[in-house]
Amino acid sequence: MWALALLLFAIVAEALVDWRLRRRLYEWRDSELSLGLAAGWAVSGVANGLLLVAALDFAYRHRVLELGTLPGAPVLAFVAADALYYAWHRLSHHVPWLWASHFPHHTAKRLNMLASVRQGWTDVISGVWLTWVGLGVMGFTDLQIAPYFAVLLLWQMAVHNEWTPRLGPLEWLLVTPSNHRVHHSLAAHHINKNYGGVLMIWDRLFGSYASEGSEVLHAFGIGGFDADASSPMGIAFHEWRKMLPRRAPATLP
């Protein structure tokens, strides 16, 4: 709860600074859609969280390793969780039913802290909660895993912004605002790049890294999709509707 409270405070603070300095980090229609999607995500997130806890508990009871008993187990759990996040995130851009859940997040036109909680409503259906089951099989407990999700929530909040410049050597190791702007960029050579959650090492290891370059990016979203003309529900189910079988047009006798 403290992480969510801090997230809400940061969103309000950034919005007030934006209003005071007129930096146009927020736009009314984009913010309305983000709020609507965030509300639906918060509700669906309860079911997703319960399933995740149950799945981790089941996996831990059937664990095949005891990594949680090793010195430095919390650090190992953090790194393993981030590697699984990278794998899920990369698959989410290539597997249709995972992309259907992840699609709403990429419809944001502005990168701000509110955009970090602009999420889909169907993680339970697409099975996102299964991503971290391997941590239980490895022998990590819920208490060893939980800090990662709190850090991930706050880290992702921080890297969704258009105003932080490149951070020098940190760009090599961590997901920074500059690195994450690339992930949301409309530029063709940035599509499907920089999937990391907290650590950027996975993208560098597996060939999905791209640098922002010397100019800060400000064009985000999904090419060919006008989110402003839709609604939170329309965005949340947009890709699912595309996967439904289409009826053949009726033919006259």
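Observations on the model:
- Check on Ala87, surrounded by fewer than 17 Cβ atoms within 10 Å (Cβ to Cβ) and in contact with a Ser or Thr (Cβ under 9 Å, 6 or more places away or on another chain): yes
- Test: residue in the stretch 228-239 that is buried (at least 19 other Cβ atoms within 10 Å of the Cβ) and of a type in the set (A, V, I, L, M): yes
- Cross-chain or 6+ apart pairs with Cβ under 6 Å, the stretch 234-253 first and more than 13 Å from Leu98 (Cα to Cα), then surrounded by 17 or more Cβ atoms within 10 Å (Cβ to Cβ) and at pLDDT 65 or above: Ile235/Pro104; Ile235/Thr107
- A count restricted to the stretch 160-185 and to residues that are touching a helix residue (DSSP H, G or I) at 6+ places or on another chain (Cβ under 6 Å) and either small (Gly, Ala, Ser) or loosely packed, with under 15 Cβ neighbours inside 10 Å (or both) stands at 1.
Okay, residues lined up against (1) at pLDDT 95 or above; (2) aromatic (Phe, Trp, Tyr); (3) in contact with a strand residue (DSSP E or B) (Cβ under 9 Å, 6 or more places away or on another chain); (4) farther than 25 Å from Val117 by Cβ:
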| position | (1), (2), (3), (4) |
| --- | --- |
| Asn179 | yes, no, no, no |
| His183 | yes, no, no, no |
| Tyr195 | yes, yes, no, no |
| Pro232 | yes, no, no, no |
| Phe237 | yes, yes, no, no |
| Arg246 | no, no, no, yes |
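- Condition check for Val64: within 27 Å of Asp203 (Cα to Cα) and surrounded by fewer than 19 Cβ atoms within 10 Å (Cβ to Cβ): no
- Residue match in the stretch 123-131 (condition: closer than 28 Å to Trp28 by Cα, buried (at least 19 other Cβ atoms within 10 Å of the Cβ) and either at pLDDT 95 or above or not β-branched (Val, Ile, Thr) (or both)): yes
- Across the stretch 70-117, the qualifying residues are those that are in contact with a Leu (Cβ under 9 Å, 6 or more places away or on another chain) and among the β-branched types (Val, Ile, Thr), and the one among them that is nearest to Thr164 (Cα to Cα) is Val117.
- Selection of the stretch 10-66 for residues being charged (D, E, K, R) and outside any loop (DSSP other than H, G, I, E, B) yields Glu14, Asp18, Arg20, Arg29, Asp30, Glu32, Asp57, Arg61.
- Tally of residues being closer than 16 Å to Leu153 by Cα, touching a helix residue (DSSP H, G or I) at 6+ places or on another chain (Cβ under 6 Å) and at pLDDT below 80 across the stretch 9-68: 2
- The stretch 22-44 residues that are more than 17 Å from Thr107 (Cα to Cα) and of a type in the set (D, E, K, R), paired with ones that are at pLDDT below 95 and not in a helix (DSSP H, G or I) (beta carbon under 9 Å, 6 or more apart): Arg23/Glu162; Arg23/Trp163; Arg24/Arg110
The values are calculated or read from the model by the stated rules, or taken from the named source; none is laboratory data. Note that the structure is predicted; figures quoted are calculated from it, not measured. FYI the Cβ positions are ideal-geometry reconstructions off the backbone, even for glycines, and counts take in every protein chain you see.
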